[in-house]
1. Take Phe327 and decide whether it is within 23 Å of Leu573 (Cβ to Cβ), in contact (Cβ under 8 Å) with a residue 24 or more places away in the chain, hydrophobic (A, V, I, L, M, F, W, C) and surrounded by 15 or more Cβ atoms within 10 Å (Cβ to Cβ).
2. State all residues of the stretch 569-584 that are at pLDDT 90 or above and open to solvent by less than 20 Å² (accessible area, probe 1.4 Å); if no residue qualifies, say none.
3. How many residues does the stretch 290-324 contain that are without any contact (Cβ under 8 Å) to a residue 40 or more places away in the chain and in contact with a Pro (Cβ under 9 Å, 6 or more places away or on another chain)?
4. Do we find that Val230 is open to solvent by less than 50 Å² (accessible area, probe 1.4 Å) and either hydroxyl-bearing (Ser, Thr, Tyr) or under 19 Å from the mean Cα position of the chain (by Cα) (or both) in this structure?
5. Residue under question is Glu418, and the condition is that it be on the phi < 0 side of the Ramachandran plot and either of a type in the set (Asp, Glu) or part of a helix (DSSP H, G or I) (or both); does it hold?
6. Name every residue in the stretch 424-462 that is of a type in the set (Lys, Arg) and farther than 15 Å from Leu609 by Cβ, in order of residue number.
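The values are calculated or read from the model by the stated rules, or taken from the named source; none is laboratory data. Keep in mind the model is a prediction, meaning the values are calculated, not measured. With ideal geometry, Cβ positions are generated from the backbone for all residues, glycine too; neighbour counts draw on all protein chains shown. Only protein heavy atoms, including side chains, enter the accessible area calculation; ligands, DNA and RNA are left aside. Shrake-Rupley method; radii C 1.70, N 1.55, O 1.52, S 1.80 Å.
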Amino acid sequence: MKREYQDAGGSSAAAAGDMGKDSMMSAPAEEEEVDELLAALGYKVRSSDMADVAQKLEQLEMAMGMGGVGPGAASDDGFTAHLATDTVHYNPTDLSSWVESMLSELNAPPPPLPQTPSLASTVTGGGGFFDIPPPSVDSSSSTYALRPIPSPPVAPADLSADSARDPKRMRTGGGSTSSSSSSSSSLGGGGGCARSSVVEAAPPAAAAEANAPALPVVVVDTQEAGIRLVHALLACAEAVQQENFSAAEALVKQIPLLAASQGGAMRKVAAYFGEALARRVFRFRPQPDSSLLDAAFADLLHAHFYESCPYLKFAHFTANQAILEAFAGCRRVHVVDFGIKQGMQWPALLQALALRPGGPPSFRLTGVGPPQPDETDALQQVGWKLAQFAHTIRVDFQYRGLVAATLADLEPFMLQPEGEEDPNEEPEVIAVNSVFEMHRLLAQPGALEKVLGTVRAVRPRIVTVVEQEANHNSGSFLDRFSESLHYYSTMFDSLEGAGQGPSDISSGPAAGGTDQVMSEVYLGRQICNVVACEGEERTERHETLGQWRNRLGRAGFETVHLGSNAYKQASTLLALFAGGDGYKVEEKEGCLTLGWHTRPLIATSAWRLAAP
């Protein structure tokens, strides 16, 4: 804090007075009306003004806190001593005006400050507006800096306690006269006096939380985080393809953090792909279902997937329609199912045959399934249930279950009728059905060709094939990963948008939620197999309809165009599902595809032996 008083022909001295410093200099001879005592001290004060000057000095003393008592008195005395030491007066001819200007400055209204508890505690009634600690004065320089002294956190309940005051910092202007600005207050008085200062308060939260640990505030842009998540997934897949496992390990650790910022289907898909990448990076491959619990859990997931979305129902309806049209007018029919599971596809076909004009035909069903870990005959249990249903609707029904670890183990004689056929009877018409089974054969070299040879040997009238409409069998891991990421993202989006299926209406929303969760697990196991496994362990080798057309064409089969009835069946099915507007059925070169919006997800095709 600095003041300067200038006169054209005057002299200068350091003022002391009652502020605590006895430094004085001689003054020229005074006029008769000037007080001699003050004139000896260097001040020209008329005797008539003595009473007024004395009153103003008393007011100045009170305003500057010199008369304060209590804990803050020592600090205020130090501040006054500093003013006396560092203040310089030139030609002090008007002590009365200077004292008045000082009073006006000290009594000026304070600048506006934010009304916060920590800042409100700095307002005191003792020694001025701010509680300024005593500075260390360098007598050799007229400029100085006041340094903040740390103090304990403010107790907002006692605003009068000096110990609760917040530290402040005060920077003063230079030695010359300066004008005020938005960051400095001009407290100039008469005689050309100017004072410029900048008072900086500590941030309001800093005093109240001085000892509290800093808590980071993270603002996440979900769209940007989603882009970073996809980039991290693809970069990790590329590092895996290049066998740069150190980089892949660093990237795979970022995926859960980025996935946590997402919601809905994106977060779930990223979690499954992140887990699959982690298994591949750390070489922790999933084990095949080898126990009874694993097999039962796989069947349970398949059943929930059937209930939660229309994909399996679409596959069954369209395949049944093609088989029903192929069996038109036949009295003896035989269906070979390469993956019978729980047999959910066949009650609808049995019912349709029972309603056929002229009565139902004799129906024989051969169901193929894997061996059970506990060596029980689960296929026979499925056959009993179907036989009971067929008896209810009065359809002549025969069933045989074939246990095979792989379809390549089947031989043509296994699919022929038992015993010798009666030459007087009408020959049996065979249909072969495969729903999500053919792609597994691609894991074993030559297996698909052997199975197709077996099918040709039994000379079926129709072969129905339902497969995922995706290429997850590419030789490049990065291409396979990118395609599967796109495919399963769309599949999970459809699960989110479809809501409850028609079977959930009677069981309530809780059952619908369970179906969706279990369906996500069902798809997650496929993701893990596509990404984390290689060799014969990677059985989810999906291919597109065009690729299957080439394979079946080379094996001696040609396409059977699915009729308009199959399209109508599929459209009627989708109308029963909530969110059915998102599903799209399309006809593609005689085949039907079901997709979500613009992305086909599964495809149904029908085939027969090509003409020689």
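1. In short, yes.
2. Tyr583, the sole residue that qualifies.
3. Result for the stretch 290-324: 1.
4. Spelling it out, Val230 is indeed open to solvent by less than 50 Å² (accessible area, probe 1.4 Å) and either hydroxyl-bearing (Ser, Thr, Tyr) or under 19 Å from the mean Cα position of the chain (by Cα) (or both).
5. Spelling it out, Glu418 is indeed on the phi < 0 side of the Ramachandran plot and either of a type in the set (Asp, Glu) or part of a helix (DSSP H, G or I) (or both).
6. Within the stretch 424-462, the first condition is being of a type in the set (Lys, Arg), and the residues that meet it are 440, 450, 456, 459, 461.
Within the stretch 424-462, Arg440, Lys450 qualify.
Yes/no matrix, rows are residues, columns are (1) touching a Ser or Thr at 6+ places or on another chain (Cβ under 8 Å); (2) more than 25 Å from Glu449 (Cα to Cα); (3) touching a residue at least 12 places away in the same chain (Cβ under 8 Å):
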{"site": "His561", "(1), (2), (3)": "no, no, yes"}
{"site": "Asn565", "(1), (2), (3)": "no, yes, yes"}
{"site": "Lys568", "(1), (2), (3)": "no, yes, no"}
{"site": "Ala575", "(1), (2), (3)": "no, yes, no"}
{"site": "Gly590", "(1), (2), (3)": "yes, no, yes"}
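This table checks each residue for (1) modelled with pLDDT of 95 or more; (2) open to solvent by 40 Å² or more (accessible area, probe 1.4 Å).
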position	(1), (2)
Ser494	no, no
Gln500	no, yes
Ser506	no, yes
Pro509	no, yes
Thr514	no, yes
Glu537	no, yes
Glu543	yes, no
Asn550	yes, yes
Phe557	yes, no
